[in-house]
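The values are calculated or read from the model by the stated rules, or taken from the named source; none is laboratory data. Since the model is a prediction, treat every value here as computed from it, not as a measurement. Note that each Cβ is placed from the backbone with ideal geometry, even for glycine, and that neighbours are counted across all protein chains shown. Ligands, DNA and RNA are excluded from the accessible area calculation, which covers all protein heavy atoms including side chains. Shrake-Rupley method; radii C 1.70, N 1.55, O 1.52, S 1.80 Å.
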Amino acid sequence: MIRSVPESSSKKSLIVSLHDAHPGSHAAIAEQIAFLAERGVTRTSILVVPEFHHKGLLTKDAAFCDAVSGWQTAGHELVLHGYYHDRFKAEPDGLHNFFWTRLYTAGEAEFLDLRKPEARSRLELGQLLFKSLGWHARGFVAPAWLMAEGLPNLLAEMGFTYTTRLREIIPLLPGEHRLKTSPSLCYSTRASWRRVVSGIWNKHLYGQLQETDLIRLSLHPRDLEFPLMRRQIDQIVRASLKRGFQPTTYGDYVAR
């Protein structure tokens, strides 16, 4: 059973995060933002990947960059989401990492075992890119939420105020140790059986989360393509708002 951690405020929050924003997912992310806005969710956390799968910097697509800037102006939060979002040139996967890198993800656990100097370098590049575009990144979320044990400490050193894992939000502010346990609803679209299983699981999980003070819903670019998933996402959003959950972002949730 999921138990909510007491907060300083009784306010119930709904955090919708849109993962893997990059030029190739521009249309899908724009559709998700419109879909959510039609249902009353006008603030989300958008997870931006600077150079998705080594296909070139996002700055090569001016229309995408303009759209992201517009989303920020409209009240959405921008979050640094890895740098490449893949394991290209990563060290060979041992048995310990095989499940996470080949089964749980499709070779996208970029920060799972990244050495600290390389992790710092990629984070700095991401911060510089965001700054050059006028984008503000208070948080960092590792691809697939998988990161090396010491990464939260490095993120704090570099000025990030929070990170997240699949089951928790981790504040990184000085003197702040209020880790929030809250599993995120999310989907897997790589195969039909994954879509079916994730739908069943999310129905069960939502039944528990609706009794807490926080619901996290993590969407990936293809999630609205599949009718059953689209319908369930619609139901989750509408039911959450009806129960008094207020849309917010990770950054604002952690800062309150």
### Query
Within region 172-187, can one find any residue that is in contact with a helix residue (DSSP H, G or I) (Cβ under 7 Å, 6 or more places away or on another chain) and farther than 25 Å from residue 238 by Cβ?
yes
### Matching residues, region 35-67, being within 23 Å of residue 243 (Cβ to Cβ) and hydrophobic (A, V, I, L, M, F, W, C)
35, 36, 37, 41
### Query
Quick one: in region 146-155, which of the residues that are modelled with pLDDT under 95 and among the hydrophobic types (A, V, I, L, M, F, W, C) is nearest to residue 214 (Cα to Cα)?
146
#### Entry: region 236-254 residues that are more than 24 Å from residue 79 (Cα to Cα), paired with ones that are among the basic types (Lys, Arg) and surrounded by 13 or more Cβ atoms within 10 Å (Cβ to Cβ) (beta carbon under 7 Å, 6 or more apart)
238/39; 244/12
### Query
So is residue 36 open to solvent by less than 20 Å² (accessible area, probe 1.4 Å), under 19 Å from residue 217 (Cα atoms) and either part of a helix (DSSP H, G or I) or touching a Cys at 6+ places or on another chain (Cβ under 8 Å) (or both) or not?
yes
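Mind listing whichever residues of region 41-84 are over 14 Å from the mean Cα position of the chain (by Cα), assigned to a loop (DSSP other than H, G, I, E, B) and in contact (Cβ under 8 Å) with a residue 40 or more places away in the chain? Let's see the steps before the verdict.
Step one: filter region 41-84 for residues over 14 Å from the mean Cα position of the chain (by Cα), giving 41-42, 50-75, 84.
Still in the running and assigned to a loop (DSSP other than H, G, I, E, B): 41-42, 50-51, 55-57, 61, 74-75, 84.
Once the filter is applied, which keeps residues that are over 14 Å from the mean Cα position of the chain (by Cα), assigned to a loop (DSSP other than H, G, I, E, B) and in contact (Cβ under 8 Å) with a residue 40 or more places away in the chain, region 41-84 yields 41, 42, 50, 57.
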### Task
Report, by residue number, each residue of region 23-33 that is open to solvent by less than 50 Å² (accessible area, probe 1.4 Å), in contact (Cβ under 8 Å) with a residue 60 or more places away in the chain and not β-branched (Val, Ile, Thr).
25, 28, 32
### Summary
Given (1) surrounded by fewer than 22 Cβ atoms within 10 Å (Cβ to Cβ); (2) in contact with a helix residue (DSSP H, G or I) (Cβ under 9 Å, 6 or more places away or on another chain), residue 77 misses just (1)
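Criterion first (surrounded by 18 or more Cβ atoms within 10 Å (Cβ to Cβ), modelled with pLDDT of 95 or more, touching a Cys at 6+ places or on another chain (Cβ under 8 Å) and among the aliphatic types (A, V, I, L, M)) does residue 58 satisfy it?
So residue 58 fits the description; yes.
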### Task
State all residues of region 39-55 that are open to solvent by 40 Å² or more (accessible area, probe 1.4 Å) and of a type in the set (Ser, Thr, Tyr); if no residue qualifies, say none.
42
